[in-house]
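The values are calculated or read from the model by the stated rules, or taken from the named source; none is laboratory data. Computed from a predicted model, the values in this text were never measured in an experiment. As a convention, Cβ positions derive from the backbone with ideal geometry for all residues, glycine included, and neighbour counts pool all protein chains shown.
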Amino acid sequence: MTRRLLLALALLTMLTAGCSVQVGGEDGATSGSGENSSFTEAGVARIEDEGRAVLDLREAGLSAQDLGAADGERLRDLDVEDAADPVTLVVRGSQGDLEVEARSIRCLVGPEGQIDSVAVFHRAPDQEALLAALEEIGGTVGADTTRVDSFAGSVRSQPEQERDVWGNGADALGFDVGLHPVYAPDADAQVLELQLTPPR
């Protein structure tokens, strides 16, 4: 009886501490710690099935283990470029959330297992959709409006020319966001890359 009580208390402690239940297997965990999605092979398959992923950047020190990786296990890229629909990525920040329709998500892991950055690729069908996404996301993350407006103006005034620009330092949500819009008039789709850097 005492042993059962101790086991129950241990389980309750884990749950109230915000630990996610991870269903392990040879393809890795299907969920990460807390609200984080898993980016193991099994985790990416689950994201693709559900059409949704979550990254929690509210606190410093996001690690590969938080994203479902066991010791020595590699994280996998999410790539739904050829799928009918993108994945909705929700990024939790200490000052608010960001929601992006993503076609690709790639986590860069440092030598100590920390997540150095996360590259997110949003695909837009045309020029105006790209600029609308840039302006909306830029406004949410606190991007330099002068830089955003300058890029939008140059694309609209010379739509026959390819354009791209890097804008860094947007941190209104509590984590750093770099924005990299790429406009190519002859491309099938336009791309907005987001570079997310977890707080240190």
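Among the listed residues 70, 64, identify the single one that is touching a Cys at 6+ places or on another chain (Cβ under 8 Å) and in contact (Cβ under 8 Å) with a residue 24 or more places away in the chain.
The conditions single out 64.
Test residue 81 against the criterion of being touching a residue at least 12 places away in the same chain (Cβ under 8 Å), part of a loop (DSSP other than H, G, I, E, B) and more than 18 Å from the chain's Cα centre (by Cα), and give yes or no.
no
Select from the range 48-78 the residues that are within 13 Å of the chain's Cα centre (by Cα) and assigned to a helix (DSSP H, G or I) and list them in ascending order.
Within the range 48-78, just 67 meets the criteria.
Among the candidates 102, 133, 129, 124, which residue alone is closer than 30 Å to residue 45 by Cα, in contact with a helix residue (DSSP H, G or I) (Cβ under 7 Å, 6 or more places away or on another chain) and surrounded by 13 or more Cβ atoms within 10 Å (Cβ to Cβ)?
124
Test residue 174 against the stated conditions and say whether it is in contact with an Asp or Glu (Cβ under 9 Å, 6 or more places away or on another chain), modelled with pLDDT of 95 or more and within 18 Å of residue 94 (Cβ to Cβ).
No; evaluated as a whole, the condition is false for this residue.
Return the residues of the range 118-134 that are among the charged types (D, E, K, R) and in a helix (DSSP H, G or I); say none if nothing qualifies.
128
Test residue 115 against the stated conditions and say whether it is touching a helix residue (DSSP H, G or I) at 6+ places or on another chain (Cβ under 9 Å) and not small (Gly, Ala, Ser).
yes
Taking the conditions exactly as written (modelled with pLDDT of 95 or more, under 20 Å from residue 181 (Cα atoms), within 11 Å of the chain's Cα centre (by Cα) and hydrophobic (A, V, I, L, M, F, W, C)), does residue 137 satisfy them or not?
No.
Kindly list, by first and then second residue, each pair from a residue in the range 136-150 that is in contact (Cβ under 8 Å) with a residue 12 or more places away in the chain and buried (at least 18 other Cβ atoms within 10 Å of the Cβ) to a residue that is in a helix (DSSP H, G or I) and small (Gly, Ala, Ser), limited to pairs with Cβ atoms under 6 Å and residues at least 6 apart or on different chains.
Sorted first by the residue in the range 136-150, then by its partner, the pairs are 148/138.
Could you please tell me which pairs satisfy a Cβ distance under 8 Å, a separation of 6+ or placement on different chains, a first residue in the range 123-135 that is touching a residue at least 12 places away in the same chain (Cβ under 8 Å) and within 18 Å of residue 84 (Cβ to Cβ), and a second residue that is among the hydrophobic types (A, V, I, L, M, F, W, C) and part of a loop (DSSP other than H, G, I, E, B)?
Every condition considered, the pairs that remain are 123/189; 124/189; 125/189.
Okay, residues lined up against (1) at positive phi; (2) not in a strand (DSSP E or B); (3) not small (Gly, Ala, Ser):
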{"position": "116", "(1), (2), (3)": "no, no, yes"}
{"position": "136", "(1), (2), (3)": "no, yes, yes"}
{"position": "139", "(1), (2), (3)": "no, yes, no"}
{"position": "143", "(1), (2), (3)": "no, yes, no"}
{"position": "151", "(1), (2), (3)": "no, yes, yes"}
{"position": "173", "(1), (2), (3)": "no, yes, yes"}
{"position": "182", "(1), (2), (3)": "no, no, yes"}
{"position": "185", "(1), (2), (3)": "no, yes, yes"}
{"position": "200", "(1), (2), (3)": "no, yes, yes"}
